[in-house]
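To start, the structure under review is shown below, and the notes come after it.
The values are calculated or read from the model by the stated rules, or taken from the named source; none is laboratory data. Keep in mind that what you see is a predicted model, and the values were worked out from it rather than measured. Using ideal geometry, Cβ is built from the backbone for each residue, glycine included, and neighbour counts are taken over all protein chains shown.
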């Protein structure tokens with residue numbers, strides 16, 4: 001088990017190197033020179049050249065990347081070109097908000113998806129199954145920004161149950177914190193649960209055809225026990241995979257959701273960095289997001305081994 | 001020399017302007033109502049001015065003390081150090097109007113009134129302005145506000161070593177001299193009759209920041225600014241909220257009325273309006289592209305739409321050095337093909353006001369004949385036919401829904417006239433870059449709301465200026481612009497600027513689509529909001545009823 005973890009950890013390094021290097025390249029290829037952006041109307045060929053030199057922008061991209069990398073290895077992610085803020089502080093200050101949002105969204109999605117999937121699988125082909133899969137399908141085709149606006153209108157403007165925008169830190173007011181996360185997390189979860197539900201439902205239907213389920217039934221086990229204990233675990237492999245891969249989608253979703261609900265997370269930081277050509281912040285956020293994504297998938301891989309002994313033993 | 005800035009942002013600017021209404025030589029720029037005060041002794045005058053200056057027109061003493069409001073901004077605030085952020089955006093200006101003071105402020109009639117400066121005089125040639133400063137103002141960190149502080153602020157921005165983008169906008173200030181503790185002299189490179197008016201904008205150039213704090217905090221100053229303003233920063237969570245509390249030691253003992261102002265960036269316009277409806281915000285920034293909500297708010301008794309028609313306009317510049325725009329017939333044809341009313345209806349439910357000149361209704365320049373080309377599709381088609389060659393070109397638009405929508409509407413008008421326009425979507429930074437490098441056929445731009453047209457008109461149209469984007473040179477135009485900036489008589493200046501408008505419209509090197517209109521939607525109980533000059537919503541004098 002530890003050997004497996006160590007092997008996977010080694011993969012992290014090249015992945016992170018590749019991701020950060022590609023981001024660096026993409027950032028360098030973006031139209032709109034940073035020196036121009038900073039100097040604006042004051043930009044003359046001479047002032048632009050001088051500022052580019054000061055910021056090291058006249059160096060080759062590879063050299064700049066290596067310098068940035070050397071800084072990262074020493075724990076220095078640089079400072080924002082625009083605000084002078086330390087990149088590490090900026091990212092760490094915003095990360096908890098996004099993490100909390102994503103965890104809340106993922107939990108909500110699981111809480112909704114798993115019971116519905118089990119019920120659908122147990123009653124495959126019935127009216128309930130068709131209704132639930134129909135709703136899930138319809139949900140997949142509604143974009144998250146629209147869901148967000150509808151939720152705000154219903155729960156914040158009309159019913160006044162939850163705040164329309166903003167974030168309350170947990171330390172300041174735990175209840176307020178949860179209230180401020182309900183609508184954003186629900187928006188993300190509404191986009192997530194249909195995917196999880198459909199995957200689990202189809203896997204479970206397949207599992208329910210297996211011989212060991214027939215045996216369990218023959219032994220007279222109660223249907224609930226068969227579903228929850230015997231069928232659920234072997235059916236969750238794809239679910240876990242999809243949930244892991246979906247983290248990428250979820251991060252993408254937070255960018256939109258954080259902007260709409262005005263949450264001070266890394267999604268907003270990223271958007272701002274792109275608009276203002278603040279490459280240092282951009283690079284810092286991407287590094288953290290990529291590392292997070294890789295880590296989650298690493299955990300998913302590890303979880304496989306727990307769910308399925310064959311993987312653990314290298315079969 | 002100075003410029004309005006590309007399409008959406010409104011950057012406050014300054015240059016060498018001339019005030020048409022300040023006709024008395026060597027006197028201060030106060031309004032006539034203050035004449036009596038001027039005859040008083042010096043001390044009495046100081047007291048009179050400082051009291052009068054802060055009584056907004058038409059407001060009885062019904063102001064209520066106390067309360068807290070939340071303001072919904074469009075953008076995150078990047079910070080307040082001019083060396084870091086260069087220029088403040090709209091959100092930055094709004095927060096700056098609370099934390100800092102400027103030397104002067106604009107009253108409801110658009111006249112400069114005392115703020116940190118109590119009075120001012122100028123030399124005969126309007127190139128030297130002497131300001132007498134308020135003796136009782138202190139920065140929030142205890143540093144006294146004085147002439148040295150003013151000098152430090154301006155010098156720091158102008159220092160070539162600091163490479164501040166902000167320096168561009170004060171290029172006209174040659175030197176600031178601290179004559180004594182409370183007397184500061186602005187020496188200008190060109191005459192400026194409107195300097196006290198231009199100093200009113202709470203921009204990165206003109207808000208007074210604590211020299212002690214700037215020196216002591218270094219890189220951290222940007223997010224820990226210190227001013228003399230009516231509010232002090234209590235806490236600031238980046239991207240979430242800036243909490244400001246009443247400055248108990250404010251030099252104006254009667255103000256501010258509010259105890260607390262919370263500023264929150266709410267980037268999504270629908271969510272911003274929802275936060276107002278849900279009672280989380282008391283005032284939000286808005287613009288006409290959010291017309292549905294503005295129209296909805298106008299019909300809601302609990303809300304009040306504050307609307308200010310400023311000077312300036314949304315504009316487009318042709319690159320006259322490139323084919324087909326090197327031919328005036330093509331430029332005229334394209335301008336005549338535009339139906340601004342239809343365009344306003346399509347884009348903003350008719351809220352946008354069509355513009356026929358660069359000045360707008362909010363400007364003091366009123367032309368009986370601005371030479372606007374009429375909307376005439378037949379004539380446009382005929383001109384393009386006369387040109388004889390196919391008209392194909394690209395238009396830069398911002399890669400945003402509104403940028404695309406603008407492009408598509410224009411594209412349709414020009415297709416009807418027989419021209420083929422391709423939309424090129426780029427982001428705003430790229431538009432600035434491309435515009436200054438003259439790498440465009442047609443680019444969007446903006447002339448911002450300013451107390452006087454001179455800085456922007458001179459910058460945008462005088463031969464050789466970096467922001468004369470059309471690459472166009474005309475000696476008559478240059479002469480008119482030069483005359484307008486060196487003349488004090490408002491009638492003469494109006495004639496100059498109207499002649500400029502006629503010339504520009506005839507040559508069609510730029511064209512104007514809509515006038516600048518600024519919006520704030522607030523709870524009806526929020527009172528005392530001043531005019532939204534330059535699009536800045538200044539809540540510092542407001543109170544809750």
Counting only helices (runs of 4 or more DSSP H) entirely within region A:188-280, those with at least 1 residues that are within 14 Å of another protein chain (Cβ to nearest Cβ) and over 16 Å from the mean Cα position of the chain (by Cα) are A:232-260, A:266-275
Reported set for region B:233-283 where residues are more than 7 Å from every other protein chain (Cβ to nearest Cβ), within 27 Å of the chain's Cα centre (by Cα) and either in a helix (DSSP H, G or I) or more than 18 Å from residue B:543 (Cβ to Cβ) (or both) is B:233, B:236, B:241, B:242, B:243, B:251, B:269, B:272, B:273, B:276
Of the candidates A:93, A:3, the one satisfying the condition of being out of contact with any helix residue (DSSP H, G or I) (no Cβ under 6 Å at 6 or more places or on another chain), over 29 Å from residue B:222 (Cα atoms) and either crowded, with 16+ Cβ neighbours inside 10 Å or modelled with pLDDT under 75 (or both) is A:3
> Does region B:162-169 contain any residue that is away from chain A (no Cβ under 14 Å) and either touching a strand residue (DSSP E or B) at 6+ places or on another chain (Cβ under 7 Å) or surrounded by fewer than 22 Cβ atoms within 10 Å (Cβ to Cβ) (or both)?
Replying inline: no
Of (1) away from chain B (no Cβ under 14 Å); (2) closer than 30 Å to residue B:236 by Cα; (3) in contact (Cβ under 8 Å) with a residue 40 or more places away in the chain, residue A:165 fails just (1)
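Conditions tested, residue by residue: (1) surrounded by 15 or more Cβ atoms within 10 Å (Cβ to Cβ); (2) within 27 Å of the chain's Cα centre (by Cα); (3) assigned to a helix (DSSP H, G or I).
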| site | (1), (2), (3) |
| --- | --- |
| B:325 | yes, no, no |
| B:338 | yes, yes, no |
| B:344 | yes, yes, yes |
| B:405 | yes, yes, yes |
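So that you can scan it fast, the table gives a plain yes or no per residue for (1) more than 14 Å from chain B (Cβ to nearest Cβ); (2) at pLDDT 75 or above; (3) assigned to a loop (DSSP other than H, G, I, E, B):
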site: A:18; (1), (2), (3): yes, yes, no
site: A:23; (1), (2), (3): yes, yes, no
site: A:32; (1), (2), (3): no, no, yes
site: A:37; (1), (2), (3): no, no, no
site: A:59; (1), (2), (3): yes, yes, yes
site: A:63; (1), (2), (3): yes, yes, no
site: A:66; (1), (2), (3): yes, yes, no
With the structure loaded, tell me whether residue B:186 is more than 14 Å from every other protein chain (Cβ to nearest Cβ) and either touching a strand residue (DSSP E or B) at 6+ places or on another chain (Cβ under 7 Å) or buried (at least 21 other Cβ atoms within 10 Å of the Cβ) (or both) or whether it fails that test.
yes
Is it fair to say residue A:99 is closer than 24 Å to residue A:293 by Cα and either touching a helix residue (DSSP H, G or I) at 6+ places or on another chain (Cβ under 8 Å) or away from chain B (no Cβ under 14 Å) (or both)?
yes
Being part of a strand (DSSP E or B) and surrounded by fewer than 17 Cβ atoms within 10 Å (Cβ to Cβ) narrows B:439, B:379, B:392 down to just B:392
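So that you can scan it fast, the table gives a plain yes or no per residue for (1) buried (at least 24 other Cβ atoms within 10 Å of the Cβ); (2) within 14 Å of chain A (Cβ to nearest Cβ):
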| position | (1), (2) |
| --- | --- |
| B:62 | no, no |
| B:66 | no, no |
| B:69 | no, no |
| B:72 | yes, yes |
| B:82 | yes, yes |
| B:85 | no, yes |
| B:88 | yes, yes |
| B:93 | yes, no |
| B:100 | yes, no |
